[in-house]
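Asks: Take a look at this one; I'll ask things after.
The values are calculated or read from the model by the stated rules, or taken from the named source; none is laboratory data. The structure presented is a predicted model; accordingly, all values stated were derived computationally and were not measured. Reconstructed Cβ throughout: ideal geometry from the backbone, glycine too, with neighbour counts over all protein chains shown.
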Amino acid sequence: MKIFVSDRIELREIELSDSNDIFQTIDSQREYLGKWLPFVEFTKSIDRSRNFIQSVLDTPLERIEQTFVVLYDGQFAGLIGFKGTDRPNKKTEIGYWLSEPFQKKGIMTNSVSALMNYAFNEMDINRIQIHCGVGNIPSRGIPNRLDFTFEGIERAGELHSDGRFIDLEVYSKLKNE
């Protein structure tokens, strides 16, 4: 499945063939990505990226959390997808990360907007959340630009590989907003 965001941005469901792009991006940007993404520390080989993708692809259809590669002018730029989807209560979270060279081009803001529209209109989701590490200014700019409501701080919401917990800002948007 593909979601066309703009003439330069496309979201495509993740495939095993994306393993190399994902691993190379993580491996070449460990310090940048690792500051906010706990999985970076554990992604030490292309096999880890391949295993992640295979786990997504092996998920039963009724529980699948769609994950998309973000392509900018046909180049791999990052990942975006749903997580923690609660279908009976019609809510989900959108998670994302973007390679450093692709920052400040509106790529992720537009990609999140497109995925929101897909969730609200195709998946019949009523509530979307975004969690951002406190202090992660680029990440929190996205829900702010898209008029999400800031709900508060989830204290010690995420454990990082160095053993410290970080607080998370919680944002939400409802279908009728």
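Asks: Across region 7-45, which residue is farthest from residue 168 (Cα to Cα) among those that are of a type in the set (S, T, N, Q) and out of contact with any Gly (no Cβ under 9 Å at 6 or more places or on another chain)?
Replies: From region 7-45, those of a type in the set (S, T, N, Q) are 17, 19-20, 24-25, 28-29, 43, 45; that's our starting set.
If we keep only those that are out of contact with any Gly (no Cβ under 9 Å at 6 or more places or on another chain) too, we end up with 17, 19-20, 24, 28-29, 43, 45.
On the way: 17: 32, 19: 28, 20: 30, 24: 27, 28: 26, 29: 22, 43: 22, 45: 28 Å.
Restricting to residues being of a type in the set (S, T, N, Q) and out of contact with any Gly (no Cβ under 9 Å at 6 or more places or on another chain), the top hit is 17.
Asks: Tell me the helices (runs of 4 or more DSSP H) entirely within region 1-77 that contain at least 3 residues that are more than 18 Å from the chain's Cα centre (by Cα) and of a type in the set (Asp, Glu). Lay out the reasoning, then the answer.
Replies: On the way: elements: 19-28, 30-34, 46-58.
Qualifying helices (runs of 4 or more DSSP H): none found.
Asks: Name the residues in region 110-141 that are surrounded by fewer than 19 Cβ atoms within 10 Å (Cβ to Cβ), closer than 19 Å to residue 69 by Cβ and among the β-branched types (Val, Ile, Thr), would you?
Replies: none
Asks: If I filter region 33-53 down to residues being of a type in the set (Ser, Thr, Tyr) and buried (at least 17 other Cβ atoms within 10 Å of the Cβ), which single residue comes out as modelled with the highest pLDDT? Spell out the reasoning first.
Replies: Taking region 33-53 and keeping what is of a type in the set (Ser, Thr, Tyr), we get 43, 45, 49.
Next, only the ones that are buried (at least 17 other Cβ atoms within 10 Å of the Cβ) stay: 43, 49.
Details: 43: 87, 49: 92.
Checking each candidate, the answer is 49.
Asks: Then there's this: Residue by residue through region 141-171, note down the ones that are small (Gly, Ala, Ser) and closer than 22 Å to residue 106 by Cβ. It would help to see each step written out before you state the result.
Replies: First, pick out the residues of region 141-171 that are small (Gly, Ala, Ser): 141, 152, 156-157, 161, 163.
Of everything in region 141-171, just one residue is small (Gly, Ala, Ser) and closer than 22 Å to residue 106 by Cβ, namely 141.
Asks: Look through 67, 43 and report the one residue that is out of contact with any Asp or Glu (no Cβ under 6 Å at 6 or more places or on another chain) and in contact (Cβ under 8 Å) with a residue 40 or more places away in the chain.
Replies: Working: 43 fails: in contact (Cβ under 8 Å) with a residue 40 or more places away in the chain.
One residue alone meets the criteria, 67.
Asks: Among residues belonging to region 87-131 that are of a type in the set (Asp, Glu) and outside any loop (DSSP other than H, G, I, E, B), point out the one that is nearest to residue 34 (Cα to Cα).
Replies: Taking region 87-131 and keeping what is of a type in the set (Asp, Glu), we get 93, 100, 122, 124.
Keeping just the survivors that are outside any loop (DSSP other than H, G, I, E, B) gives 93, 100, 122.
Numbers: 93: 21, 100: 12, 122: 33 Å.
If we take residues in region 87-131 being of a type in the set (Asp, Glu) and outside any loop (DSSP other than H, G, I, E, B), then 100 is nearest to residue 34 (Cα to Cα).
Asks: Could you check how many residues of region 134-158 are part of a strand (DSSP E or B) and either at pLDDT below 90 or touching a Ser or Thr at 6+ places or on another chain (Cβ under 7 Å) (or both)? Break it down into steps so the answer makes sense when it comes.
Replies: Residues of region 134-158 that are part of a strand (DSSP E or B), as a first pass: 149-158.
Those left that are additionally either at pLDDT below 90 or touching a Ser or Thr at 6+ places or on another chain (Cβ under 7 Å) (or both): 149, 151.
Looking only at that region, the number is 2.
Asks: Suppose we keep only residues that are hydroxyl-bearing (Ser, Thr, Tyr) and surrounded by fewer than 16 Cβ atoms within 10 Å (Cβ to Cβ) within region 14-31. Which one would you say is modelled with the highest pLDDT?
Replies: Per the stated criteria, the residue is 17.
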